[in-house]
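Okay, so here's the structure we're looking at.
Each value in this text was obtained by applying a stated rule to the coordinates, not by laboratory testing. Worth saying up front: this structure is predicted, and the values here are computed from it rather than measured. Cβ sites come from the backbone with ideal geometry, for glycine too, and all protein chains shown count toward neighbours.
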Amino acid sequence: MFVPLGRIPRYDDPREMRWGRVQFDTERCNGCNMCVRVCPASVLVLDAKKARMITDRTAQCIACGDCAAICPDGVITLVESYRFSGAYETRDRGELLPPRL
Amino acid sequence: MQVHDLAPGEGAGGDEDAKLPPGMDIRPPAEPRGWRERVERLRSERTGTEDVILKRRSVRIYRKRQVPEFMVRRILEAGRFAPSAGNSQPWKFVVIRDPEIIRGLTETTSKVAGLFNWFLNYQGRRFSWRLLLARLFIRARANDLHPAPFSAIPLVADGRLDLYHGAPTVILVLKDVRGVSNPDLDCGIAGQNMALAAHSMGLGTCWVSFTKLAFQYTRAWSKKLGIRYPYKFVSSLAIGFPVGQPDRMVPRPTAAVDWFEGGTKRQVL
């Protein structure tokens, strides 16, 4: 599909694109490396036996939550989803919530 | 748990059960009384089907162990019984269990991604002139170059991302381009059936559409796998035994829903 309108955002500019974010309870992380292995966007690394997110701006977390799901100790929480500006503006999305009844 | 709108005894069914040929008597046992209470109970608990849908996650690390053939056949059966427009069943499934083919597909995709990456890489001072080119290219191929998995293109181009994550079995979903109305969607429905069936057997699945690059921009693989008119690649499904326990409910962004009722419109989040 051709997008005729809207500025194409710079893919490396955090003002035009906000990527997902996960939080680690670093105290409880036992460094099993599972999250690093499942991450489809390769934004997690193991640093001194503790997993963490790469803070480099090329790191592009797609907020899929696979790391949070596979973590055997429940150390990881997904706290932020991605947002884009311009032609790819994210619309009609609300806050992150678990499934509701 | 079954929930029917009809009260027990209403609607079709009942006596015909005895006449069904063997293998087709898979309907659930007759509904006992008390469906109204059952509907009430739904306010506080989820059904088994909902649980499966909410907990199923894409699996991205697989065990090397091959999936038994009978299980793959059963998964294909789940796809065969999917609903489709006009019951046209506009799909064809290709099962690939040769690691060389899976590796080859990944390599070809990686080459095409490398070409994409050349056009799109405007990072670094030397390449900043490509920004304009990249913007035009992204505009023209808005779906292929969506920002969400954008970091995957350099990863695939460098061969750092194994597209099928080491899955021992891959099912390619092809559409019959002459299908009724919207064959892509029908293929998606059949694919979801297969993914849920696989999940129920304790298998992990992951949708991989990246290989579309290998079929869309090169001829070699369509020729090798005999994919020709009227069939066209839609997506593929990696299947295998998962490493670890990937099933868990994870938060997702809520999506605004427009709700028309009683002559007014409201938005539900």
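Of the numbered conditions (1) within 14 Å of chain A (Cβ to nearest Cβ); (2) of a type outside the set (Val, Ile, Thr); (3) under 25 Å from B:Val173 (Cβ atoms), B:Pro253 satisfies every one except a single condition; which is it?
Tallying (1) within 14 Å of chain A (Cβ to nearest Cβ); (2) of a type outside the set (Val, Ile, Thr); (3) under 25 Å from B:Val173 (Cβ atoms), B:Pro253 fails exactly one: (3).
From the list B:Ser88, B:Ser128, B:Ser44, exactly one residue is over 30 Å from A:Ala69 (Cβ atoms), surrounded by fewer than 14 Cβ atoms within 10 Å (Cβ to Cβ) and out of contact with any Lys or Arg (no Cβ under 6 Å at 6 or more places or on another chain). Which is it?
One residue alone meets the criteria, B:Ser128.
Which is within 29 Å of A:Ile76 (Cβ to Cβ), of a type outside the set (Phe, Trp, Tyr) and away from every other protein chain (no Cβ under 14 Å), of B:Leu213, B:Leu237, B:Leu185?
Within the list B:Leu213, B:Leu237, B:Leu185, the selection yields B:Leu237.
Take B:Leu161 and tell me if it is within 8 Å of another protein chain (Cβ to nearest Cβ), crowded, with 20+ Cβ neighbours inside 10 Å and either charged (D, E, K, R) or over 21 Å from A:Gly86 (Cα atoms) (or both).
So B:Leu161 fits the description; yes.
Hey, can you tell me all the residues within the stretch B:50-90 that are assigned to a helix (DSSP H, G or I), touching a residue at least 40 places away in the same chain (Cβ under 8 Å) and not charged (D, E, K, R)?
Matches in the stretch B:50-90: B:Val52, B:Ile53, B:Leu54, B:Met71, B:Val72, B:Ile75, B:Leu76, B:Ala78, B:Gly79, B:Ala85, B:Gly86.
Within the stretch B:257-269, is even one residue among the polar types (S, T, N, Q), over 20 Å from B:Gln66 (Cβ atoms) and in a loop (DSSP other than H, G, I, E, B)?
Checking the stretch B:257-269: not a single residue is among the polar types (S, T, N, Q), over 20 Å from B:Gln66 (Cβ atoms) and in a loop (DSSP other than H, G, I, E, B).
Within the stretch A:60-101, which residues are in contact with a helix residue (DSSP H, G or I) (Cβ under 9 Å, 6 or more places away or on another chain), β-branched (Val, Ile, Thr) and facing chain B (nearest Cβ under 9 Å)?
Of everything in the stretch A:60-101, those that are in contact with a helix residue (DSSP H, G or I) (Cβ under 9 Å, 6 or more places away or on another chain), β-branched (Val, Ile, Thr) and facing chain B (nearest Cβ under 9 Å) turn out to be A:Ile62, A:Ile70, A:Thr77.
Is it true that some residue in the stretch B:250-259 is touching a residue at least 12 places away in the same chain (Cβ under 8 Å), crowded, with 16+ Cβ neighbours inside 10 Å and of a type in the set (D, E, K, R)?
No, every residue in the stretch B:250-259 fails to be touching a residue at least 12 places away in the same chain (Cβ under 8 Å), crowded, with 16+ Cβ neighbours inside 10 Å and of a type in the set (D, E, K, R).
Quick grid of which residues meet (1) within 30 Å of B:Leu132 (Cβ to Cβ); (2) part of a loop (DSSP other than H, G, I, E, B):
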site: A:Pro4; (1), (2): yes, yes
site: A:Ile8; (1), (2): yes, yes
site: A:Val22; (1), (2): no, no
site: A:Glu27; (1), (2): no, yes
site: A:Ala41; (1), (2): yes, yes
site: A:Val45; (1), (2): no, no
site: A:Ile62; (1), (2): yes, yes
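Taking the stretch A:78-89 as the region of interest, how many residues are part of a loop (DSSP other than H, G, I, E, B) and within 15 Å of the chain's Cα centre (by Cα)?
2
Pick from B:Leu161, B:Leu155, B:Leu131, B:Leu145: which is farther than 24 Å from B:Met194 by Cβ, aliphatic (A, V, I, L, M) and in a loop (DSSP other than H, G, I, E, B)?
After ruling out the rest, the residue left standing is B:Leu145.
So which residues in the stretch B:195-243 are surrounded by fewer than 22 Cβ atoms within 10 Å (Cβ to Cβ), of a type in the set (Ser, Thr, Tyr) and assigned to a strand (DSSP E or B)?
B:Tyr231, B:Ser235
If you scan the stretch A:1-39, which residues turn out to be at the interface with chain B (Cβ under 8 Å from one of its Cβ atoms) and either touching a His at 6+ places or on another chain (Cβ under 6 Å) or among the hydroxyl-bearing types (Ser, Thr, Tyr) (or both)?
A:Tyr11, the sole residue that qualifies.
Among the residues of the stretch B:91-122, write down those that are part of a helix (DSSP H, G or I), in contact (Cβ under 8 Å) with a residue 60 or more places away in the chain and farther than 18 Å from B:Thr218 by Cα.
B:Pro99, the sole residue that qualifies.
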